[in-house]
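Enquirer: Below you'll find the structure I mean.
Every number here is computed from the coordinates shown, using simple stated rules; none is lab data. Quantities reported herein were computed from a predicted structural model and do not represent experimental measurements.
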């Protein structure tokens, strides 16, 4: 499928290949539906290149400690896999500034409300203010 160009984006994440089927997204867009992709920074770069007007949103855990607790709490991965995912998560997080918006998933209901607000603003082409988490993280990392 990669060789045939069937993916609008694809990437290798945690030793697995993931991709988004181009035709399935095109069908939704033709129906004037919003399309929300759960992809990593590599795929997001590809989508932004193909769809410059898209809205990219980076979702973060509240902290690396909470991420570790979430990963171990699932009971799906070995200690080695959790350690690797934590190491890789830090590399992923370093790409946060490439995105239009940043959400910190501390409380699911609040995060969902903010996501909906961002999508609604984008749909009517109204600029959405950068949320306080974006500004706080930018200040901590010395970015504007």
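Enquirer: Among 12, 85, 74, which one shows the biggest mean-square fluctuation in a GNM of the chain, springs joining Cα atoms closer than 10 Å?
Expert: 74
Enquirer: Kindly give Rg over Rh for the stretch 1-51, based on alpha-carbon atoms, with the Kirkwood expression for the hydrodynamic radius.
Expert: That ratio is 0.97, to two decimals.
Enquirer: Let me ask something else. Report for the chain the percent antiparallel among DSSP-assigned beta bridges with both residues inside it, nearest 5.
Expert: 60 percent
Enquirer: What span do the alpha-carbon atoms of the chain cover on each of the three principal axes, reported in whole Å from largest to smallest?
Expert: 43, 39, 29
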